[in-house]
Amino acid sequence: MKKKVVLTGDRPTGPLHLGHYVGSLANRVYLQDVYKQYVLIADMQALTDNYEHPDKVRQNVLEVVLDYLAVGLDPKKTTFFIQSQIPQIAELAVIYLNLVTINRLRRNPTVKNEIAQKGYGENVTAGFLMYPVHQAADITIVKGSVIPVGADQLPMIEQTNEIVRSFNHIYHTDILVESEPLISSTPRLPGIDGGEKMGKSLGNAIFLSDSSDVIVKKVMSMYTDPNHVHVNDPGKVEGNVVFTYLDIFDQNKDEVQELKEQYQRGGLGDVKLKKRLIEVLESFLLPIRLRREEFAKDKAEVMKILFDGSAQTVQVASETMREVHAVMKLDYFD
Ligand code: TRP
């Protein structure tokens, strides 16, 4: 049987945070041993709402790839590529545009949210509105079939599969493959402020590259239970971000259970609780930080990883486009 193909990626608009880790990076680290895995750095997608800030996008390509290497994605097992360096993706996206209506794009819930958040309204650019089509091209150009993502990406995969079915039907072919999302057991990590989702632009994120000092500050400012004023007051565990994080990152589940009971009874102070989380996060992040620093010393090597991965992806992409051209009668000179 043919090996499944995994594809995911991130927009390079800032360093990656713990939300990315639990939502999809952790899955990618194990998937690289099981399947053929591609990880793309979606610089073209980042430009759809940062077209005036090319420097920011360019700088963050390196940040994001350093984060990938730091968490243990291995360039010998995972193919990294830069979206803009695969022109076939842009070509395929234009082909797909014929198969998608503007109304369908406007109804994509994730895009709809973003348009509201950014206040674009009726002035949304064509580039931004069509980015899910571009994403469908990212996935199908390498025939990705497993997509490890956070919950907010489900509408993208649904839309990709609609395009795949429509293409195969119209051109009487089966060259394109449908994909399935792989959602993690913790698809959404709350922000340190207690907000539903951790996000860089929400200002409530802990980055994989944060220093020890910053971790201390962020955990100390974490949202707990606003009614837990004195150590002896009974406290709430539900919605208490410190406990949410301990549940995910603390290996000692029995002790966490005891802490919860003590907190609910009263007698466990927030500071003591937070100190434990600081230790837990520090031991998780320290090896990641060290590996990141190591790779950051050799930028040329990191660029070579991206160059080689992009070159390899261009090969695979050309093969897919040859098939696409054939079924669409565009193979004039083949
Ligand atoms: N849309 C994703 C994000 O906002 C990034 C992305 C681009 C992606 N292309 C992809 C994810 C293909 C999975 C598959 O983070």
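Descriptive notes on the structure:
- Candidates in region 234-292 are the residues that are of a type in the set (Lys, Arg) and more than 25 Å from the chain's Cα centre (by Cα); of these, the one that is least open to solvent (accessible area, probe 1.4 Å) is Lys274.
- Residue, farthest from the ligand (Cβ to nearest atom), within region 106-141, restricted to residues that are open to solvent by 10 Å² or more (accessible area, probe 1.4 Å) and within 30 Å of Arg322 (Cα to Cα): Ala126
Every residue, every condition in (1) part of a helix (DSSP H, G or I); (2) buried (at least 20 other Cβ atoms within 10 Å of the Cβ); (3) at pLDDT 95 or above, yes or no:
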{"residue": "Leu69", "(1), (2), (3)": "yes, yes, yes"}
{"residue": "Asp74", "(1), (2), (3)": "no, no, yes"}
{"residue": "Phe80", "(1), (2), (3)": "no, yes, yes"}
{"residue": "Glu91", "(1), (2), (3)": "yes, no, yes"}
{"residue": "Leu99", "(1), (2), (3)": "no, no, yes"}
{"residue": "Arg104", "(1), (2), (3)": "yes, no, yes"}
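- Condition met for Ile139 (in contact with a Ser or Thr (Cβ under 6 Å, 6 or more places away or on another chain), among the aliphatic types (A, V, I, L, M) and assigned to a helix (DSSP H, G or I)): yes
- Pairs where the first residue, in region 157-170, is within 15 Å of Arg104 (Cα to Cα) and the second is more than 16 Å from the ligand (Cβ to nearest atom) and in a helix (DSSP H, G or I), C-beta under 9 Å, 6+ apart: Gln159/Arg104; Glu162/Arg104
- Test for Leu62: is it assigned to a helix (DSSP H, G or I), open to solvent by less than 30 Å² (accessible area, probe 1.4 Å) and away from the ligand (no atom under 16 Å from the Cβ): no
- Test for Leu73: is it in contact with a Phe, Trp or Tyr (Cβ under 8 Å, 6 or more places away or on another chain) and touching a residue at least 60 places away in the same chain (Cβ under 8 Å): no
- Residue within region 6-19 that is assigned to a helix (DSSP H, G or I), without any contact (Cβ under 8 Å) to a residue 12 or more places away in the chain and either open to solvent by 10 Å² or more (accessible area, probe 1.4 Å) or not small (Gly, Ala, Ser) (or both) present: no
The values are calculated or read from the model by the stated rules, or taken from the named source; none is laboratory data. Keep in mind that what you see is a predicted model, and the values were worked out from it rather than measured. Because the Cβ atoms are built from the backbone with ideal geometry, glycine has one as well, and the counts that use them run over all protein chains shown. SASA here: full protein model, heavy atoms, side chains in, ligands and nucleic acids out. Shrake-Rupley method; radii C 1.70, N 1.55, O 1.52, S 1.80 Å.
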